Amino acid sequence: MKANCWMGKNNVQVRNVPDPKILNQRDAIIRITSTAICGSDLHLYNGFTPTMEKGDILGHEFMGEVVEVGRGVNNLKVGDRVVVPFPIACGNCGACEAGATSLCENSNPNAWIAENMMGHAPCGIFGYGHMTGGFAGGQAEYARVPFADFGPLKVPEEMTDEQVLFLTDILPTAYMGAEMCNITPGDTIAVWGCGPVGQFAIASAYLLGAEKVIAIDNVPYRLQMAREKAGAITINFDEVDSVPTVLKELTGGRGPDACIDCVGMEGTGHGVQFAHDRLKQMARIQVDRPIALREAIMSCRNGGTVSIVGVYAGLIDKFPIGSVMNRSLRIMTGQCHVHRYMKPLLERIQKGEIDPTFVITHRMKLDDAAEGYRIFNKKLDNCEKIVLKA
Amino acid sequence: METSQQSGVGTGLTDGGFTKRKASAVPRALPFVPAGEHYRPLNVRRGGDGLANFLGWFSLGLGISQLVAPDGVARLIGLRPTERTRSTMRGIGMREVASGVGILSQKRQADWLWARVAGDTMDLGLLGRSATNDRNERERTTAAIFAVAGVFALDLFAATQVGKRSGSLVQGQPDDNGRRPGAGGGDNFEEYAKNSRANGGPGNYRGEEGGINTGLRNDAGKTKSGLRMTTNTITVNKGVEEIYDFWRNFENLPRFMRHLQSVKVLGNGRSKWVANAPAGTTVEWEAETTEDRPSELISWRSLPGSQVHNAGTVRFRSAPGGRGTEVRVDLEYAPPAGKLGAMVAMLFREEPGQQVHDDLRNFKQVMELGEIVLSDASAHKGMHPAQPSNKPVEMKL
């Protein structure tokens, strides 16, 4: 089959690889009909996420048709159309029983690597390096899906691929980011990053009752989408001296009630601090560049919530813990527990409360994945979200 | 407008993803460390450890410099390089390398540190004589004397500290009476518990159950290099009885212990174990069950005369709040020398703790899922990309 493989920094290639096979009894093989490139794939593309091997198949946002099931899968049959959550989760362990599927205790065969780097291990993830299990990803013609009786959600016939594809990751991730803010009526929410997760975080904050949402980015077409499609007030951080000051101005001096970091480890900014962070990241002294996170903390109102859904991988410097502690901030974060959001969000899409297709700007062939990564990474051609078709 | 509580999405999990499950009403055994008691590690780290290692590396570094560049070292300490200084320097270099290797090997560490103390004394004598020789640079030599005196003090301190630590459970060094841990009649864990009770008052949890119940104490006289020990624990989302029953049948162990090929139960509490060893060979031993308390613990040990000495205890406890069962494995093993030593090192990898931990994680998967989860990368040996393979699966399922 054809699959998009990571071949080194800024180098992905669609190559011929063996077809996937059933390895565990609860596996299913899916023929992929639609898959997407995620912002977090760019962290791999840019070489910032450790434990990648040349030849790793990328992709954790995919859906398709079941072509084979293991003998332990009783709820799916060949021909079913399913959308697959990016965290691999068993459904049997303590974390899964508690609904925290991205913390599944059984799905990461390389848990020892993660334990050494992080203390404890998170779940396995499709196409996201070896620390998260070493699973082949879904930017391919076929994929093996472990625990197929627990993860994949059957899609109603009348819904299109594009309507449901983002249930795999970015819509639930953004929704959880907003949910962690414990929004109450009248709240103002600030969202850093107007990539696809940022757009959905704005929309989710409104769905959950926010009075107004302020979005921060420096890419004009993304800010335009945040205004026009998601309804945010937008700030271009290139145009202002200090984002926290502007946020004060827009909130009567209080600061936003909650801040959502949808940027993660490759944040950009200005000045000495940014140059210093970038230098340290290049020298591998710190893994992550926490520009957005620092700003979010400094901006948040006293006693407010900072919600982190942008991906961080390792260590950061100059974390303003004093601001967090003395101002009673609450930090909420996590890889999304996608499983528990898929069905309710599918219902919201069905009811017309949200139409996730608004972020799609590019539809490409799987064969053109390399070009897709290039334009998405460089933010060329007004690229917001790319869907790849088999 | 809706709030998150009313939205119906996310089941109200706004605490970061965890809802507390209902506590079970089942009465449970005491936890491994009961409330109100102090945790005391078996593998006690005391001062002197890091220093001894530092001195070991220092010895090795200095010795190699003296062997490779005797003239350079001589000039550094103010001596004029001659044939005689060169050979003296090489001799001292060999001595330094020997004590460095000795200290770092951790066997009879105290003796090697005392050897360093003696060596320092000799060096001070030699340097003192050189300092009176006009052909040498006196300032440099005097500086060297002060440096050696400083190292002498460190060596002396480390040697006395490591000496005090003798009788350590882990290193298996002789205690003050020359008795090795586990040797005839002395149960380390009981003694340890007694000591810790004396020091820390009642209730040392290790003392309550006495570590590994089998001990190698009856045949430990045969082990030359002392005992090593590793402790690992994991929580399994199943009831105590089910887990105990599974483990009690030793023939199940190869399903989750990566290096075990088979275990055959022979009856009378005895079993025969076969493990994979390097180059496609195997190593075998017989073991006996020394204690078996249903739903609580199982202890085993290899029989005297086995190729591979090991003993273990697995304990089971209901995790608090109905969160499954805590499984704790204490493994004690005596790495024998030579060829078998290599096999055992492989058997437990370099780091036996990691190996047991991996096996316990596999155990959890076998109990909770009925099989071991494979990824594209983990299904085959060695590093390779995460993509499907046409090769057959090499790992246990």
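Each reported figure results from applying straightforward, stated rules to the coordinates on display, with no laboratory input. For clarity, every value in this text was computed on a predicted model and none was experimentally measured. Cβ coordinates were reconstructed from backbone atoms using ideal geometry, including for glycine residues, and neighbour counts include every protein chain displayed.
Here are the numbers for the structure shown:
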quantity	calculated
Between 0 and 90°, nearest 10: helix A:339-351 axis offset from chain A longest Cα axis	80
Cross-link pairs A:154/A:389; A:77/A:343; A:9/B:391; A:54/B:396; A:212/A:378 - those with Cα-Cα distance over 23 Å	A:9/B:391; A:54/B:396; A:212/A:378
Ranked A:155, B:162, criterion: other C-beta atoms within 10 Å, fewest first	A:155, B:162
Residues of type aspartates and glutamates that residue A:379 reaches as a straight line, Cα spacing below 18 Å, ignoring anything fewer than 8 places off in the same chain	A:41, A:217, A:238, A:266, A:368, A:371
Most mobile listed residue (A:22, A:57, A:202) in chain A, GNM with C-alpha springs under 10 Å	A:22
Shielding score for A:23-29, defined as the mean number of other chain Cβ atoms within 10 Å	5
Residue exposure sequence - A:339, A:362 - by fewest surrounding Cβ within 10 Å	A:362, A:339
Label zone at residue B:248 (point 7 Å along Cα-to-Cβ), backbone N below 11 Å, segment B:287-318	B:292-298
Between segment A:4-26 and segment B:371-387, the alpha-carbon center distance in angstrom	12
Angle between chain A longest axis and helix A:271-282 axis [Cα atoms, degrees, rounded to 10]	30
Sparse-neighbour loop sites [chymotrypsin sites (Phe, Trp or Tyr not before Pro); segment B:83-164; at most 14 other C-beta within 10 Å; DSSP]	none
Fully extended contour minus Cα-Cα distance, from residue B:35 to residue B:160, at 0.36 nm per residue	41.4 nm
Within-10-Å neighbourhood charge of residue B:114 [Cβ basis; K, R +1; D, E -1]	0
Rounded if a/c under 1.5, otherwise prolate or oblate - segment A:148-190, Cα gyration tensor axes	prolate
